[in-house]
1. Give the range 30-65 a look and list any residue that's surrounded by fewer than 12 Cβ atoms within 10 Å (Cβ to Cβ), assigned to a loop (DSSP other than H, G, I, E, B) and out of contact with any strand residue (DSSP E or B) (no Cβ under 9 Å at 6 or more places or on another chain), or say none.
2. Here are some residues: Leu142, Leu114, Leu68, Leu152. Which one is touching a residue at least 40 places away in the same chain (Cβ under 8 Å) and open to solvent by 60 Å² or more (accessible area, probe 1.4 Å)?
3. If you check Leu113, Leu122, Leu103, Leu152, which single one turns out to be in a strand (DSSP E or B) and of a type outside the set (S, T, N, Q)?
4. Considering each of Leu74, Leu103 in turn, give the residue that is surrounded by fewer than 16 Cβ atoms within 10 Å (Cβ to Cβ), within 23 Å of Leu35 (Cβ to Cβ) and aliphatic (A, V, I, L, M).
5. Need the failing condition index for Cys71 against (1) over 18 Å from Cys115 (Cα atoms); (2) touching a helix residue (DSSP H, G or I) at 6+ places or on another chain (Cβ under 8 Å), just the number.
6. Please determine whether any residue of the range 71-82 is among the aromatic types (Phe, Trp, Tyr), within 17 Å of Ile133 (Cα to Cα) and assigned to a strand (DSSP E or B).
7. Contact list please: Cβ distance under 7 Å, first residue in the range 87-105 and of a type outside the set (D, E, K, R), second residue in a helix (DSSP H, G or I) and open to solvent by 50 Å² or more (accessible area, probe 1.4 Å), pairs at least six apart or on different chains.
8. List every residue pair whose Cβ atoms sit under 8 Å apart, with the two residues 6 or more apart in sequence or on different chains, where the first one lies in the range 22-48 and is of a type in the set (S, T, N, Q) and the second, anywhere, is surrounded by 14 or more Cβ atoms within 10 Å (Cβ to Cβ) and at pLDDT 85 or above.
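The values are calculated or read from the model by the stated rules, or taken from the named source; none is laboratory data. What you see is a predicted model; the values in this text were computed from it and never measured. Every residue, glycine as well, gets a Cβ built from its backbone with ideal geometry; the counts of neighbours run over all protein chains shown. Surface accessibility is based on the protein's heavy atoms, side chains included, excluding ligands, DNA and RNA. Shrake-Rupley method; radii C 1.70, N 1.55, O 1.52, S 1.80 Å.
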Amino acid sequence: MKQPTVLEFLGLEERTSYSETDLETAIIIKLQKFLLELGKGYLFEARQKRFTFDEDNYYVDLVFYNRLLRCYVLIDLKIDKLTHQDLGQMQMYVNYYDRFQKLPEENPTIGILLCKEKNDALVEITLPENSNIFATEYALYLPDKKVLQKKLKEWIEEETGQEL
């Protein structure tokens, strides 16, 4: 997954507030560009995919299948800071798909939480080490050139251990 996933093409950056439904609707409208942003092999299956378990209904925001990975990819959208409850919810969705939807010859389901803000330490402590669940922040637009240059310099310094 790209980090962050840039959602500038949605046109939400000018709004002062938006809901998860607004974010989802904008993605559906711009699905082709969104699929290209995700990477190769993604096929769209469903929006607000309902499944019922023990008479309770649950809804996965977006369901994709990746033909190259040969697995389902579930995306849950969060417009606020990611919580451990969000991670647990996605774990349930992934477990459901692995147990009741995927075929034996398919690979395990991948869960992606696309969130406004995440805490890497929270993700690491909440999920098992071999988890197929990933959290990634999204950005509605790329920062200006100076901010990108500064960030690039910081990354290079972190990797090389040398100050530029």
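1. Listed by number, the residues that qualify are Asp54, Glu55.
2. Leu142
3. Sole residue among the options that is in a strand (DSSP E or B) and of a type outside the set (S, T, N, Q): Leu113.
4. Among Leu74, Leu103, only Leu103 is surrounded by fewer than 16 Cβ atoms within 10 Å (Cβ to Cβ), within 23 Å of Leu35 (Cβ to Cβ) and aliphatic (A, V, I, L, M).
5. So the condition that Cys71 fails would be (2).
6. For the range 71-82, residues among the aromatic types (Phe, Trp, Tyr), within 17 Å of Ile133 (Cα to Cα) and assigned to a strand (DSSP E or B): present.
7. These pairs meet every condition: Leu87/Thr126.
8. Gln48/Val60; Gln48/Asp61
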